[in-house]
Every structure is written in C-alpha cells, then in structure tokens.
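Trainee: Have a look at this one before I ask anything.
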Amino acid sequence: MAEHIVHPGTPKGCERIAYAVGFTENATYSDVYGGGGAVVGLDCHLIRPIDTPADTLIVFMHPVGGGMYLPMVRGLARAGHHVLWANSRYRGADYALTMEKVACDLGEAIVDAKERLGYSKIVLAGWSGGGSLSMWYQALAEAGVGISDTAAGDAYVVDAARMPPADAVMMLAAHVSRHQIFTEWIDPSIHDENQPGVRDPELNLYDPANPNQPPYSADFLETFRAAQIARNRRITAWVKDELAQIRASDDPNRELAFTVHGTMADPRWLDPTIEPSDRQAGTCYLGDPKIVNDGPVGLARFSTLRSWLSQWSYDDARCDARASGAAISVPALVIGNTADDACTPSHTSRLFESIGHDRKQLHVVEGATHYYTGPNGRDHLQEAIATIGSFLEANL
C-alpha cells in the first residue's frame, strides 16, 4: 500500500489532493492576474477518507473566499464524506468579480469531478456567500439555458452542457445574495461619493452625536433601510453612465476602478433587539464594524464598473437565492446558526422560504457562530455535520 502523507489541516485518516482545473474561454479581456485573458485556472482541494471510495461528492465554492481548511470542510471529510473545495478564479479578490464567470467556474469544477474523477452524484454546499451561488447555479443548470451575457450587458457564453445540475443543494450559514446583504450593510450617511468624509449625522451609526441610538425605533430603521437602497442605486446610476461613455468611445472594453467608502454599517450589529439571536452586540464577523466600515477589507471596498453591476447592484445583479429557489427541484437543506454575526436569522428563513418544493429541510444550530468557533464550537460543528449526514442518507 502506498504511503499517504498527511498534511497539516488534513483530518486523520484522510488525504488532501490539491490540483488545478484549467480551461479556456472566449473572453474579450482578462479580469484576473495572469492567464492571458483566455486561460482560466481553478485551485482545487479534494479531501476524502483514504481508500474509501464513494460515488457522491460534496462541492463547495465561494465567489471569493478560499475555504479549503474551514472546520466544516475538514469535519465532513472526517465524517466519511468526499469533499471538494474549488476556488473560483477570483479567490481573495472581489474587486473585478463577475458572478456569471463564477457560475462558469463552478460548472467546470463539477464537469471535471464527474468526467475525470468519476463521481456520479454531486451535492452543492453553499457556505456563506456560496449559498446564493449554489442556488443560482442549480436554477440555471436545471433550466438548461447556460449563460449568454453578464449583468453589465457584455456577451459571455457558457454552454449548458458545461453546467451540469447537482443532485442536492445545501446552504450552510448562508445569506440570500451578495448584492442584498451588501445593501443591508452599506453606510447611507454618505450622500456624495466624492466626499466620503462628509456624513449625515442622523444616519451615521458610529457618530455619538446621532440622536438615533440603540434600540432603534421602527421609523428610524425604515428610513435607514430606504437610504441604503437609495445609495446603492445612486452608485449604480453613476456606473451605468460611466460604462455608456466607455462603450461609445474608441476603446469599448476599457474598465474603470473605483473605491466605495462606508460599506459596513448594519444596525443589527449594534442593536441585538433587531432579529434577536445569540450574536454578540457591537461586533461583526470581521471585527469592530466601526473600524471595518472604512477599512480595506469591507465588502465592495474596491470595484470596477462591470463587477459592480454583476455583484453589488441592488437591481441588476442576478445571483439571488430567493429568485432562484422556486426554480430548483432537487432536495435542499438550510442550516442556520443562532450566534452568526454575518448571516442573521432572516437570511436563514428567507432562504428556506424561497424553495418552492417540499423536499426541503431547515435546521438551526443553537449558539453556533458563523465559523463554528467558541468554547462549544466543536459540538455545534458535529451537530451540523450529523444533520448533513442524515439529509444525504435520506435524499441520495
């Protein structure tokens, strides 16, 4: 028997196989580092029990996050499942991310897993931002329509044969879409994108002079949420104007990069009475929201025109779990965590309610955080993994 080298971060009794999925596409320009525009490479990790074959593969992909070593990924392999974490072409950098291209990447990873690795059953596992990606991908795959263009209106063709449907979908600690949750987080106190330091004190959650303080009134929350949508739409209108000018020029494929300030200001982080749960007040999954609001790691801090329309535009982005839920027919599992400080309870319920059939299951892990950390994190993780195991056994 060949000697198996166990790498750090690989569960005992399992092997981790790192490989790349490469393919070419008809792209007018490259929006990732290297590759020459037409060549795409996806970094993949297959984690599975040693010498234990299986015909079912659990496939994770997040639009931007690299989760090959997430507790959930390692825990599922330890429990006997074959697990693939496939990174999209945009791993670690969402400033030029186009969701239609991410869906293409997911399809290519699945085709490779079926044709080269020999798996006959695929289970999509949508972790966090991967939840809406998984649901949208499945809706497109079941419709058999492929992709013809991007949300920005650029031609982008993906053959339906390169997007095979999965046999089940799981949404784990997930939110409904990147553009929806981003709009729920954007700071509406900025009225002029050219003067981000000038902020409306009555909408600035982090201004001690703001007369609106937690617990926030229903009227304030209604005004705040409407102002968030309005800001998103103002940016979108500017993006469309800029893109129209570029397309009318002698260089229609040119892009424009820009910065979006103030993108992490959700009242739920400061007021635990909004969507009550076990999350800790005054913090978010990235730390202190006041610091993150203007720090470099906030959502959508850096963007491009085409990426904004595909990824962040409240009205134009297409990757939406709620809009896709009614279009899927395969069994679906939704797991939410009550101490999650990223994906709050309404996201879990909206995901579940969006699924139009009755072959769906909802499970909530009491006290669990977004990443299953904390003193009881291991127990919370085991509960979630056991739920997944029962779901797969009953539905595949």
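For (1) among the polar types (S, T, N, Q); (2) in contact with a Pro (Cβ under 9 Å, 6 or more places away or on another chain); (3) more than 15 Å from residue 271 (Cα to Cα), each residue gets a yes or a no:
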site: 213; (1), (2), (3): yes, no, no
site: 222; (1), (2), (3): no, no, no
site: 229; (1), (2), (3): no, yes, yes
site: 240; (1), (2), (3): no, no, yes
site: 246; (1), (2), (3): no, yes, yes
site: 251; (1), (2), (3): no, no, yes
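Trainee: Restricting attention to region 371-395, and to residues there that are in contact with a strand residue (DSSP E or B) (Cβ under 6 Å, 6 or more places away or on another chain) and touching a residue at least 60 places away in the same chain (Cβ under 8 Å), which single residue is farthest from residue 77 (Cα to Cα)?
Mentor: Going through the qualifying residues, I end up with 395.
Trainee: Starting from residues that are farther than 22 Å from residue 325 by Cα and acidic (Asp, Glu), keep the ones in region 350-396 and report whichever is surrounded by the fewest Cβ atoms within 10 Å (Cβ to Cβ).
Mentor: Per the criteria, the residue is 393.
Trainee: Checking residue 105 against (1) touching a Lys or Arg at 6+ places or on another chain (Cβ under 6 Å); (2) surrounded by fewer than 21 Cβ atoms within 10 Å (Cβ to Cβ), which test does it fail?
Mentor: Only one criterion is unmet by residue 105, namely (2).
Trainee: What single numbered condition from (1) small (Gly, Ala, Ser); (2) within 27 Å of residue 289 (Cβ to Cβ); (3) not in a loop (DSSP other than H, G, I, E, B) fails to hold for residue 368?
Mentor: Unmet for residue 368, out of (1) small (Gly, Ala, Ser); (2) within 27 Å of residue 289 (Cβ to Cβ); (3) not in a loop (DSSP other than H, G, I, E, B): (3).
Trainee: Within region 294-316, work out how many residues are crowded, with 22+ Cβ neighbours inside 10 Å and in a loop (DSSP other than H, G, I, E, B).
Mentor: 3
Trainee: Moving on. If you scan region 1-27, which residues turn out to be over 14 Å from residue 102 (Cα atoms) and either modelled with pLDDT under 70 or hydrophobic (A, V, I, L, M, F, W, C) (or both)?
Mentor: Listed by number, the residues that qualify are 1, 2, 3, 4, 5, 6, 7, 8, 14, 17, 18, 20.
So that you can scan it fast, the table gives a plain yes or no per residue for (1) in the same structural domain as residue 390 (by TED's automatic domain parsing); (2) over 26 Å from residue 148 (Cα atoms); (3) polar (S, T, N, Q):
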| position | (1), (2), (3) |
| --- | --- |
| 42 | yes, no, no |
| 54 | yes, yes, no |
| 59 | yes, no, no |
| 65 | yes, no, no |
| 70 | yes, yes, no |
| 75 | yes, yes, no |
| 95 | yes, no, no |
| 98 | yes, no, yes |
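Trainee: Sticking with this one: Go through 340, 358 for me and flag whichever is modelled with pLDDT of 95 or more and part of a loop (DSSP other than H, G, I, E, B). Lay out the reasoning, then the answer.
Mentor: Working: 340 fails: modelled with pLDDT of 95 or more.
Residue meeting the stated conditions: 358.
Trainee: Residues of region 81-117 being within 13 Å of residue 57 (Cβ to Cβ) and in contact (Cβ under 8 Å) with a residue 60 or more places away in the chain, which ones?
Mentor: Across region 81-117, the qualifying residues are 81, 86, 109, 112, 117.
Trainee: Based on this model, can you work out whether residue 267 counts as over 27 Å from the mean Cα position of the chain (by Cα), within 22 Å of residue 285 (Cα to Cα), of a type outside the set (Phe, Trp, Tyr) and at pLDDT 95 or above?
Mentor: no
Trainee: Does residue 192 satisfy the criteria of being in the same structural domain as residue 253 (by TED's automatic domain parsing), among the acidic types (Asp, Glu) and free of Cβ contacts under 8 Å to residues at least 12 places away in the same chain?
Mentor: So residue 192 fits the description; yes.
Trainee: Can we say residue 139 is part of a helix (DSSP H, G or I) and closer than 16 Å to residue 100 by Cβ? Walk me through how you get there before you give the answer.
Mentor: On the way: part of a helix (DSSP H, G or I): yes; closer than 16 Å to residue 100 by Cβ: yes.
When the stated conditions are applied, residue 139 passes them.
Trainee: Another one. Could you grab me the full set of residues in region 199-214 that are touching a strand residue (DSSP E or B) at 6+ places or on another chain (Cβ under 8 Å) and either surrounded by fewer than 14 Cβ atoms within 10 Å (Cβ to Cβ) or not in a loop (DSSP other than H, G, I, E, B) (or both)?
Mentor: Within region 199-214, 199 is the sole residue that qualifies.
Trainee: Also, I was wondering about something else. Of everything in region 163-189, what is more than 22 Å from residue 356 (Cβ to Cβ), in contact with a strand residue (DSSP E or B) (Cβ under 9 Å, 6 or more places away or on another chain) and either acidic (Asp, Glu) or not assigned by TED's automatic domain parsing to the domain that holds residue 142 (or both)? Give them in sequence order.
Mentor: 185, 187, 189
The values are calculated or read from the model by the stated rules, or taken from the named source; none is laboratory data. In this text, all values refer to a predicted model and were calculated from it rather than measured experimentally. Positions of Cβ are backbone-derived with ideal geometry, glycine not excepted, and every protein chain shown enters the neighbour counts.
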